[in-house]
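First up is the structure itself, then whatever we jot down about it.
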Amino acid sequence: MTDTKTAFERRLRQSAAETEALLSSLLSDSRLSDEIARPAHLMAAMRHGSLNGGKRLRPFLVRESAALLGGPPGAALRIGVALECLHCYSLIHDDLPAMDDDDLRRGRPTVHKAFDEATAILAGDSLLTYAFDIIAAPETELADRLKTELVLALARAAGPGGMAGGQALDLAAEKNPPDEAGIVTLQAMKTGALLRFACEAGAIIAGSDPGHRDRLQAFGRKIGLAYQLADDLLDLTSDAGTLGKATGKDAARGKGTLVALHGMAWAEERLDTLTEEAVELLAPYGEKALTLQETARFIASRDN
């Protein structure tokens, strides 16, 4: 198990480095065809909000789910970077004073603190738009039909019925704390939707049949729930230095979480169950699924 964990961590680091390298290249000041200009101040803000390290877990899930089903690795890397652009846009906007009002992200000043609020909004807008540019671009070597499926799936995961809608529910929860079903729905949208897409995307990239796509969707839903539970536990048990952002904010704002509702012991047991269920979902793939199964365990046990 130690060897498996070590190999997984090495693979995750390598994938993060490759994701960072491509993202850095795509966010250069050099304009693309049909672009008029790239304002230096805006590009600097976009890089600040996205080229700041991190595990690059979502791109990793895209790449590993595609590899599981024999999808082209180059296309998977680009789709992973597109997803990371969209994820980083969401973080930039979530950190704004009108949203979660955070000053720290991954141990650095948030974009609106390093620049200003207007620039942060535009940087987020630009990263969101660029995500779909990257998918559609000719450099992403996939059939147009598959690109269309990816655009649709990502839009549904990120829009009013997914991540953005989840953020709206999260803001509303500060005034009217939801019941357990409401908490699960909120978390499945705000956090889980992009993780689900990351797993589903691999099946789309590989052009797999609906059965594979459904199974990877189910895996993504399980790890999405696990990710949020782990996050809520870390918010109570970790510190800002380890986590790279402020802790204890949900409790201070009175936001309902499953941890607050049921207690830490229940949450830890539920986290173990979700992890086991996620691992079991991929059992039919045998050894080919070991990396994704180890990813589920990593999500449950991470410390930041």
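Scale the Cα Rg of the chain by the rule-of-thumb value 2.2 N^0.38 Å and send over the ratio, two decimals.
Details: Rg = 18.6 Å, N = 304, 2.2 N^0.38 = 19.3 Å.
That ratio works out to 0.96.
Screening the chain for DSSP H helices whose Cα atoms reach 27 Å or more along their own axis and whose mean Kyte hydropathy is at least -0.5 gives 73-94, 117-136, 210-237.
Provide the FRET efficiency to the nearest 0.05 for the His262-Ser28 pair, computing r from the beta carbons and using R0 = 35 Å. It comes out at approximately 0.15.
The modelled label-to-label distance for the pair Thr6/Asp133, using points 7 Å beyond Cα in the direction of Cβ, is 4.3 nm.
Label separation (Glu141 vs Glu180): 5.1 nm, computed from points 7 Å beyond Cα along the C-beta direction.
Give me the extension gain from Glu276 to Arg302: residue separation times 0.36 nm, minus the current Cα-Cα distance, reported in nm with one decimal.
Working: separation 26, 0.36 × 26 = 9.36 nm, distance 1.59 nm.
Working it through step by step, the gained length comes to 7.8 nm.
Computed extension gain for Asp214 through Ala21, at 0.36 nm per residue and net of the alpha carbon distance, reaches 66.3 nm.
Paramagnetic label reach from Glu269 (point 7 Å along Cα→Cβ; backbone nitrogen cut-off under 19 Å): within the range 180-217, residues 180-181.
How many angstrom lie between the C-alpha centres of the range 267-304 and the range 21-94? Between the Cα centres of the range 267-304 and the range 21-94 lies a distance of 26 Å.
Applying a threshold of 22 Å to the alpha-carbon distances of Lys55/Lys175; Lys55/Lys190; Lys5/Lys190; Lys175/Lys222; Lys147/Lys190; Lys147/Lys288 flags Lys55/Lys175; Lys5/Lys190; Lys175/Lys222; Lys147/Lys190; Lys147/Lys288 as lying beyond it.
Per residue, the average separation of C-alpha pairs within less than 8 Å and at least 6 apart gives the range 2-301 a relative contact order of 19 percent.
We did not get these values from a lab; they are worked out from the coordinates using the rules stated. Everything quoted here is computed from the prediction, not taken from an experiment. Neighbour counts are summed over all protein chains in view; Cβ atoms, including those assigned to glycine, are modelled from backbone coordinates with ideal geometry.
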